[in-house]
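J.: Structure in structure tokens, see below.
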């Protein structure tokens, strides 16, 4: 009994960390668009669509601790990760810009921030989605074992 | 216990966000008022159209777009403030033609300036804006229906619109808008201080606080 309590506590903590990361990323994303007034491009919006709901989905999963939440959040995280990967490759010039989908409005390759000379917004997004997936994956393995 | 942690974390995130946001905005405002002192030309270029007395101590710099609805809505509001404080406020118009094809209307406006009908033309444009600048169905050519009433020499206007200096002037304004971080129109600076929260009341508060500071003594 004590053993399973401990396990459940650890699972909760992993999910909590994941929620914290998702919330911080969301706050950062809103900061860029609403406070610093960087206009989000189309690809940014696709990533936001995958990211923002996770705050509430994971949050709800935490309140009445429900392991099943992993099943519902992983697809969103993976979709966000794929978009972030595409965006990062586009941004760094590995995929040429001519095939990118957003020609009107804000360019998806316009550079806004450049921390320490190499960290860009799409890269932050990719990093964030990668960590979210890693945490969710650990949790999935722990509950299915 | 766990839910308490969740609630606390949420609160910390929300308040942290608000704190960092207001800190960032204050820092931006400081930076911009510093620029107004050190680099006044970024706010007022020689070519910029102004309204009001040269002795005015309060400068409202407005980055605008003739096709922007909010700019049209704010125009009478600013004129009201200027009539309420005669000689104390000077309005400087800069261009931030963010709407598609807005350069065209700026060009008309600048050509009208050569006939000394700038403000009349701008008023006529703002009043007829809904006919030619609708977002769903923009019809830029329809603006011409409303120009003769201003009393412009239309042939001369068309000739003046070809002046390459106008293109250069627009490029300069767009570059300055970028430097000053103007991403929406209208963008206001009052004596170099940016309008942080957008709204009529907020703009009035900012203008009046500058008026008090400038004319108290």
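The values are calculated or read from the model by the stated rules, or taken from the named source; none is laboratory data. As the structure is a computational prediction, the values presented were derived from the model and not from experiment. So basically every Cβ, Gly included, is an ideal-geometry build from the backbone, and we count neighbours across all protein chains shown.
J.: Say whether the condition of being more than 9 Å from chain A (Cβ to nearest Cβ), in contact (Cβ under 8 Å) with a residue 12 or more places away in the chain, surrounded by 12 or more Cβ atoms within 10 Å (Cβ to Cβ) and part of a loop (DSSP other than H, G, I, E, B) is met by at least one residue in the stretch B:23-40.
T.: no
J.: Could you check the stretch A:45-63 and list, in sequence order, the residues that are over 11 Å from the mean Cα position of the chain (by Cα) and either within 27 Å of residue B:22 (Cβ to Cβ) or at the interface with chain B (Cβ under 9 Å from one of its Cβ atoms) (or both)?
T.: Those that are over 11 Å from the mean Cα position of the chain (by Cα) and either within 27 Å of residue B:22 (Cβ to Cβ) or at the interface with chain B (Cβ under 9 Å from one of its Cβ atoms) (or both): A:45, A:56, A:59, A:62, A:63.
J.: Just to be sure, is residue A:78 within 14 Å of another protein chain (Cβ to nearest Cβ), within 12 Å of the chain's Cα centre (by Cα) and either within 30 Å of residue A:10 (Cβ to Cβ) or in a helix (DSSP H, G or I) (or both)?
T.: On the way: within 14 Å of another protein chain (Cβ to nearest Cβ): no; within 12 Å of the chain's Cα centre (by Cα): yes; either within 30 Å of residue A:10 (Cβ to Cβ) or in a helix (DSSP H, G or I) (or both): yes.
No; evaluated as a whole, the condition is false for this residue.
J.: Looking at residue B:150, is it modelled with pLDDT under 90 and under 17 Å from residue B:51 (Cβ atoms)? Before you say what the answer is, go through the steps one by one.
T.: Working: modelled with pLDDT under 90: yes; under 17 Å from residue B:51 (Cβ atoms): yes.
Considered against the rule, which asks whether it is modelled with pLDDT under 90 and under 17 Å from residue B:51 (Cβ atoms), residue B:150 comes out as yes.
J.: Tell me the helices (runs of 4 or more DSSP H) entirely within the stretch B:102-165 that contain at least 3 residues that are more than 22 Å from the chain's Cα centre (by Cα).
T.: Values: elements: B:102-113, B:118-132, B:154-160.
Answer list for the stretch B:102-165: B:154-160.
J.: Applying the selection to the stretch A:21-37, what residues are at the interface with another protein chain (Cβ under 9 Å from one of its Cβ atoms) and at pLDDT below 90?
T.: If the condition is that a residue be at the interface with another protein chain (Cβ under 9 Å from one of its Cβ atoms) and at pLDDT below 90, then A:34, A:35, A:36, A:37 are the ones that fit.
J.: Could you tell me whether the stretch B:50-65 includes any residue that is within 14 Å of another protein chain (Cβ to nearest Cβ) and either under 18 Å from the mean Cα position of the chain (by Cα) or surrounded by 13 or more Cβ atoms within 10 Å (Cβ to Cβ) (or both)? Working first, answer last.
T.: So in the stretch B:50-65, the residues within 14 Å of another protein chain (Cβ to nearest Cβ) come out as B:63.
Subsequent filtering for residues that are either under 18 Å from the mean Cα position of the chain (by Cα) or surrounded by 13 or more Cβ atoms within 10 Å (Cβ to Cβ) (or both) retains B:63.
Yes, the conditions are met somewhere in the stretch B:50-65.
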